[in-house]
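Q: Could you have a look at this structure, given as structure tokens, before my questions?
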Amino acid sequence: MMSRISDPRREGLACLALFIACIPAANWLIQNVGTVCVPNGPCLIPVGPGLTAPSGVLLVGAALVLRDMIQRRLGAAWALGAIAAGGLLSAFIAPPALVVASVAAFLLSELADFAVFTPLQKRGLVRAVLVSSLLGLVVDSLVFLWLAFGSLDYLAGQVAGKALMVLAALPVIHLVRNRDRRLGIEAA
């Protein structure tokens, strides 16, 4: 009998709940939290030396990794359902001026992540999460900034902020992969 802590379905559902929570939190952060809030623009946070980014970037980076774990634990259908639900949720909660940018960036980046993660996960979980998330965060940054602000001024900061979250998650993904091997847990 598998312990609760290593129940893949429970872990997948927990990742799903966190993934869904990232969407309203990122939308709220971008409008309300930062070291500076640009008039008619985003609230910004520092993400590296000389780099700032809209504050939602940290949670967007986390969402890309969580989506990968939803797929790993619950399967591709659940991951696609989470993307669809996230797109709808984003449409309902994004500030009116950011709805199109938020929904388009979310859907395109998560689908790009899905398309890369799906074949790569068979070759290695950590590599799949890294490569798919990096692609997803670049797509998200380009689409969101262009549609929301008509500018790529914050692109470097967007990419850096999201990449920080992805890189911070990799040791955890490595531990999950090792535990899965030890317990004989296969990807869904």
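Q: Exactly one condition in (1) under 14 Å from the mean Cα position of the chain (by Cα); (2) buried (at least 21 other Cβ atoms within 10 Å of the Cβ) is false for ALA94; which is it?
A: (1)
Q: Here is a further query. Out of curiosity, is PHE117 assigned to a helix (DSSP H, G or I) and modelled with pLDDT of 95 or more?
A: Yes, satisfied.
Q: While we're on this one: Can you tell me which of LEU18, LEU13 is aliphatic (A, V, I, L, M) and either crowded, with 24+ Cβ neighbours inside 10 Å or out of contact with any helix residue (DSSP H, G or I) (no Cβ under 6 Å at 6 or more places or on another chain) (or both)?
A: LEU13
Q: Residues in region 1-55 that are within 30 Å of ILE185 (Cα to Cα), among the small types (Gly, Ala, Ser) and touching a residue at least 12 places away in the same chain (Cβ under 8 Å): how many?
A: Residues flagged as within 30 Å of ILE185 (Cα to Cα), among the small types (Gly, Ala, Ser) and touching a residue at least 12 places away in the same chain (Cβ under 8 Å) within region 1-55 amount to 2.
Q: Which condition breaks for VAL65 when tested against (1) closer than 22 Å to ILE185 by Cα; (2) of a type in the set (A, V, I, L, M); (3) out of contact with any Ser or Thr (no Cβ under 8 Å at 6 or more places or on another chain)?
A: Every condition holds for VAL65 apart from (3).
The values are calculated or read from the model by the stated rules, or taken from the named source; none is laboratory data. Computed from a predicted model, the values in this text were never measured in an experiment. Using ideal geometry, Cβ is built from the backbone for each residue, glycine included, and neighbour counts are taken over all protein chains shown.
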